[in-house]
Amino acid sequence: MPPPAAASRAGAGAGETESPAERRLRRLSLHLLQPSPAPADQAGPALALAACAAGRARRVEGGADVAAALAAYLRGRHRAAQMRLFDFFRARPDLQTPVELTTAAHRELCFRQLRALVRDAGVRPLTLMASDPAEYFAVMEAAGGADISLGVKLGVQYSLWGGSVINLGTKKHRDKFFDGIDNLDYPGCFAMTELHHGSNVQALQTTATFDPVTDEFIINTPNDGAIKWWIGNAAVHGKFATVFARLILPLQGKGGEPADMGIHAFIVPIRDLETHSVLPGIEINDCGHKIGLNGVDNGALRFRSVRIPRDNLLNRFGDVSRDGKYTSSLPTINKRFAATLGELVGGRVGIAYCSVGVLKVAVTIAVREACGGHGYAAVNRFGALRNDHDIFQTFEGDNTVLLQQVAGDLLKQYQEKFKGGTLSVTWNYLRDSMGTYLSQPNPVTARWEGEDHLRDPNFQLDAFRYRTSRLLHSVAARLQKHSKTLGGFGAWNRCLNHLLTLAESHIESVILAKFIESVKSCPDEKIREVLKLVCDLYALDRIWKDIGTYRNVDYVAPNKAKAIHKLTDYLSYQVRLVAQELIDAFDLPDLIIRAPIGMQSEAYAQYTQYVGF
Ligand SMILES: CCCCCCCCCCCCC/C=C/C(=O)SCCNC(=O)CCNC(=O)[C@H](O)C(C)(C)COP(=O)(O)OP(=O)(O)OC[C@H]1O[C@@H](n2cnc3c(N)ncnc32)[C@H](O)[C@@H]1OP(=O)(O)O
Ligand SMILES: Cc1cc2nc3c(=O)[nH]c(=O)nc-3n(C[C@H](O)[C@H](O)[C@H](O)COP(=O)(O)OP(=O)(O)OC[C@H]3O[C@@H](n4cnc5c(N)ncnc54)[C@H](O)[C@@H]3O)c2cc1C
């Protein structure tokens with residue numbers, strides 16, 4: 001059944017002053033609005049495929065203009081920097097990663113790629129990170145397009161090793177290390193994780209004990225569980241490490257006992273700058289071949305009474321004087337710990353940003369109608385993309401852990417506004433915090449099923465925020481109830497799945513709000529139509545995927561649920577008709593796609609040649 005609003009737009013915009021490109025864009029966006037029998041309305045896959053094929057044939061030329069206009073909008077101001085990096089690698093076949101290579105060869109190539117970026121292409125990531133973080137992440141994504149290992153290695157060197165020095169250190173550290181990190185004279189590591197403790201940083205066991213006689217810290221690995229593990233850049237290339245350790249001050253504790261001041265960060269040289277040999281007291285072993293990211297040399301480090309100057313304490317948030325006295329600008333050990341962990345946020349933003357980069361490559365290959373068995377050929381890259389990307393959900397902070405931080409922060413906001421008030425206070429709070437969208441299920445709107453209503457961003461955001469508000473309210477009540485018998489920690493664990501669902505629901509609400517905002521702010525009406533189509537599909541698909549939640553509280557009546565399902569199918573069909581344009585708008589050159597079946601042109605020719613025809 002054609003959406004009523006579409007018909008009235010059929011003749012719109014046939015202005016005399018249209019340029020050919022505008023005409024093509026108009027025809028294309030009109031095409032999107034044309035009433036078409038969605039494949040789901042036809043019986044049998046064969047007919048559905050025929051309709052899709054017809055749909056493809058019916059797609060008006062002009063897609064290139066849509067893709068170009070979309071690309072300009074989606075890539076924004078970072079396109080030039082990314083294209084410069086792509087051009088650099090295109091001109092350097094010696095720096096392009098082949099399909100198959102040994103771990104040792106991949107590590108050597110990855111370091112050469114990074115050094116060429118810095119030394120030959122003149123990229124200064126640390127300077128960029130400080131001056132224009134958004135551009136830095138765009139460069140990182142582009143580097144990851146050349147090889148995900150390169151992106152991660154760049155992230156370790158600059159976000160983590162460089163970031164820790166400039167964010168946890170002070171002027172003396174910046175003066176001494178900034179340029180060497182930026183120009184890669186000082187390859188370095190971020191040594192936080194230990195064999196027994198990755199997520200639980202507060203329990204790290206490596207120690208840094210102050211020696212007031214020699215004015216040094218003594219870095220020690222007290223047992224095998226404290227061996228630093230998975231440390232990027234450590235196995236082969238690193239010359240320094242920021243080591244996270246317990247700061248121990250002798251005689252400063254009660255009764256003259258040593259005082260444990262908690263986790264601090266220290267710069268520890270690990271290899272000789274000239275000879276590159278491992279320095280005394282340090283043992284470095286290789287974590288070996290991994291499922292992916294084999295261009296990154298992850299190593300394990302043990303420290304045996306390694307002495308470093310007092311100056312090597314990254315002392316922005318806590319310092320030790322010559323006579324061993326501790327001072328800090330922050331009132332508690334907890335606040336200092338928080339400030340230390342703040343260093344991780346940059347890398348986490350990088351990971352989320354670059355995950356999108358990896359997914360753009362994968363979607364491009366998949367859409368260019370549909371790999372079948374050819375998706376299983378290593379040369380078509382799905383295996384490598386998945387293997388390299390898989391760890392993004394764990395390193396730099398495991399998702400299960402970080403989602404709990406999101407839930408914890410929502411509860412903190414909730415408690416700040418709701419100190420044991422009655423239900424009405426609860427709803428007022430949530431109504432305030434979630435704007436005016438939150439409402440008790442309204443029996444009338446619960447039955448509304450018209451396309452205009454379902455594609456109304458207010459309905460969509462209302463549904464997402466309603467779900468988040470209910471999850472927040474109900475988990476707060478459960479935590480309060482269980483705490484009485486299980487204590488805070490026990491109650492938290494009892495409600496863990498609920499907390500993780502709350503965090504994911506909140507994240508989806510944020511994504512939708514940003515998506516709606518981006519659609520609204522798109523200056524070109526035709527491009528806006530295409531983006532709105534994808535945004536509506538995202539919103540309705542997520543609601544449909546969680547329809548049980550909405551049905552359980554009568555937020556959606558049965559007829560509305562059915563209409564949402566049907567419209568989701570129809571919008572999927574519409575998106576398929578512009579799928580080519582959407583992925584072309586990612587604007588990724590073949591050099592970055594590198595899968596024969598995903599090339600912009602002559603995919604089959606490239607593929608048959610690859611196997612030798
Ligand atoms: C295609 C291209 C690809 C390129 C990709 C590049 C990406 C960029 C580079 C990536 C490189 C990857 C290589 C991998 C490196 C690593 O893995 S480094 C090691 C990473 N490890 C972690 O992240 C450890 C995870 N653990 C933690 O974050 C913490 O230990 C914790 C579990 C969150 C702490 O929990 P807990 O001990 O229970 O303490 P809390 O009560 O939660 O927190 C105490 C206070 O600290 C505050 N806080 C916590 N985290 C932060 C933070 N990040 N920032 C600021 N503040 C924080 C928290 O709010 C508490 O404060 P109060 O609320 O005031 O009490
Ligand atoms: C390729 C790679 C590169 C890395 N690079 C670095 C690096 O350069 N520097 C560095 O310091 N580290 C690095 N790491 C280590 C990485 O940061 C840790 O692996 C990560 O923090 C998880 O810690 P873990 O492996 O000890 O797992 P654990 O923390 O032991 O977690 C084990 C399991 O328990 C779950 N879990 C843990 N805590 C909780 C909780 N509170 N509630 C519920 N579930 C929980 C986790 O979800 C996980 O499934 C790297 C790891 C890899 C694989």
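The values are calculated or read from the model by the stated rules, or taken from the named source; none is laboratory data. Bear in mind the structure is a predicted one, so any value in this text is a computation, not a measurement. Positions of Cβ are backbone-derived with ideal geometry, glycine not excepted, and every protein chain shown enters the neighbour counts. The accessibility values were calculated without ligands, DNA or RNA, using every heavy atom of the protein model including side chains. Shrake-Rupley method; radii C 1.70, N 1.55, O 1.52, S 1.80 Å.
Of the conditions (1) open to solvent by 10 Å² or more (accessible area, probe 1.4 Å); (2) closer than 25 Å to Leu359 by Cα, Asn167 clears all except one; give me its number.
Failed condition: (2).
Which condition breaks for Val156 when tested against (1) open to solvent by 10 Å² or more (accessible area, probe 1.4 Å); (2) farther than 17 Å from Phe392 by Cα; (3) within 16 Å of ligand 2 (Cβ to nearest atom)?
Of (1) open to solvent by 10 Å² or more (accessible area, probe 1.4 Å); (2) farther than 17 Å from Phe392 by Cα; (3) within 16 Å of ligand 2 (Cβ to nearest atom), only one is false for Val156: (2).
Quick one: which of Trp448, Trp427 is over 30 Å from Leu195 (Cβ atoms), out of contact with any His (no Cβ under 7 Å at 6 or more places or on another chain), at pLDDT below 90 and among the aromatic types (Phe, Trp, Tyr)?
Unique residue meeting the criteria: Trp427.
Would you check which residues across the stretch 315-330 are farther than 24 Å from Asp132 by Cβ and open to solvent by 60 Å² or more (accessible area, probe 1.4 Å) and list them?
Result: Arg322, Asp323, Lys325, Thr327, Ser329.
So Ser572 clears everything in (1) in contact with a helix residue (DSSP H, G or I) (Cβ under 8 Å, 6 or more places away or on another chain); (2) closer than 30 Å to Val379 by Cβ; (3) part of a helix (DSSP H, G or I); (4) at pLDDT below 95 except one condition, right? Which one?
All conditions are met except number (4).
For every residue, the table says whether it meets (1) under 19 Å from Met261 (Cα atoms); (2) not in a loop (DSSP other than H, G, I, E, B).
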position	(1), (2)
Leu160	no, yes
Val165	no, yes
Lys172	no, yes
Phe177	no, yes
Ile181	no, yes
Leu184	no, no
Phe190	no, yes
Ser199	no, no
Ile218	yes, yes
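Can you tell me which of (1) at pLDDT 95 or above; (2) open to solvent by 20 Å² or more (accessible area, probe 1.4 Å) is the one Arg271 doesn't meet?
(2)
Quick one: which of Val123, Val99 is within 24 Å of the chain's Cα centre (by Cα) and either open to solvent by less than 40 Å² (accessible area, probe 1.4 Å) or away from ligand 2 (no atom under 16 Å from the Cβ) (or both)? So that I can check it myself, show each step before the final result.
Details: Val99 fails: within 24 Å of the chain's Cα centre (by Cα).
Exactly one residue qualifies, and that residue is Val123.
Is there any pair linking a residue in the stretch 395-415 that is under 30 Å from Lys290 (Cβ atoms) to one that is modelled with pLDDT of 90 or more and away from ligand 2 (no atom under 15 Å from the Cβ), with Cβ under 7 Å and at least six apart or on different chains, and which?
The qualifying pairs are Val406/His506; Val406/Ile507.
Look through Ile351, Ile365, Ile333 and report the one residue that is more than 16 Å from ligand 2 (Cβ to nearest atom), open to solvent by less than 50 Å² (accessible area, probe 1.4 Å) and of a type in the set (A, V, I, L, M).
Answer to the check: Ile365.
Scanning for something within 16 Å of ligand 1 (Cβ to nearest atom) and either touching a strand residue (DSSP E or B) at 6+ places or on another chain (Cβ under 6 Å) or open to solvent by less than 70 Å² (accessible area, probe 1.4 Å) (or both), does the stretch 301-314 turn up at least one residue?
yes
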